[in-house]
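Q: Below you will find the structure I want to go over with you.
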């Protein structure tokens with residue numbers, strides 16, 4: 001099972017924010033879209049960072065309310081780990097677990113083509129395990 005399967009089911013729509021937008025604008029976008037992270041992109045569609053709820057909390061803890069008026073670029077995570085559509089679900093789960101993050105941008109040819117969350121990955125993994133379980137049960141009952 002690959003990331004391409006997840007994107008085929010959920011779509012490749014990604015909520016992005018330019019680096020010059022304020023943290024206040026970003027948190028309103030997070031709330032409006034009911035998501036946990038925004039990909040920070042440049043005008044060419046390249047991923048230059050990611051701003052997660054965790055990044056926002058750290059910003060508020062370190063700089064208080066003044067963080068809300070600063071640009072997203074000031075607080076975003078710049079070293080973004082990405083994957084491609086060919087990545088396996090197992091590899092993505094391992095990457096997210098080791099990196100301790102919940103959102104993974106999907107990039108191909110230098111351009112953002114989607115985002116997978118830990119929720120997307122777990123949902124797909126559960127569906128796979130349930131299908132294997134049904135197949136095994138059907139096999140046993142037929143024998």
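Any read-out appearing in this document is the output of simple, stated calculations on the displayed coordinates, not a laboratory observation. Computed from a prediction, not measured in an experiment: that's the story for all the values here. Using ideal geometry, Cβ is built from the backbone for each residue, glycine included, and neighbour counts are taken over all protein chains shown.
Q: Quick one: go through segment 13-51 and flag any residue whose amide nitrogen is under 17 Å from the point 7 Å out along the Cα-to-Cβ line of residue 84.
A: 47
Q: Rank-order 88-101, 40-53 by packing density, defined as the average count of other C-beta atoms within 10 Å over each peptide's residues, highest first.
A: 40-53, 88-101
Q: Between helix 53-63 and the chain, what is the angle of the helix's C-alpha long axis to the longest principal axis, kept within 0 to 90° and rounded to the nearest 10?
A: The angle comes out near 30 degrees.
Q: Out of [x] 68, 32, 27; [y] 36, 32, 31; [z] 51, 42, 25, which label holds the value of Cα extents along the principal axes in Å that was computed here?
A: Computed from these coordinates, Cα extents along the principal axes in Å corresponds to label [x].
Q: Cβ neighbours within 10 Å, averaged per peptide: list 22-32, 129-139 in order, most packed at the top.
A: Sorting 22-32, 129-139 by mean packing, highest first, produces 22-32, 129-139.
Q: Here's another thing I want to ask about it. Divide by every residue of the chain the summed helix terms, -39500 (n - 2.57) for each DSSP H run of at least 4, and state the resulting mean residue ellipticity at 222 nm, rounded to the nearest 500 deg cm²/dmol.
A: -14500 deg cm²/dmol
Q: OK, next. Taking the 0 to 90 degree range and rounding to the nearest ten, how far is the long axis of helix 118-142 tilted relative to the main principal axis of the chain, both from C-alpha atoms?
A: 0
Q: Turning to a different aspect of this structure: How much length would be gained if the chain were fully extended between residue 142 and residue 8, taking 0.36 nm per residue of separation minus their Cα-Cα distance, in nm to one decimal?
A: Extra length from residue 142 to residue 8 when fully extended: 44.9 nm.
Q: Based on the Cβ-Cβ distance of residue 127 and residue 100, what FRET efficiency does E = 1/(1 + (r/R0)^6) give at R0 = 25 Å, to the nearest 0.05?
A: 0.50
Q: For the residues 79, 10, what sequence is obtained by ranking on other C-beta atoms within 10 Å, fewest first?
A: 79, 10
Q: Any chance you could give the angle, 0 to 90 degrees and rounded to 10, that helix 23-33 forms with the longest Cα principal axis of the chain?
A: Computed tilt is about 30 degrees.
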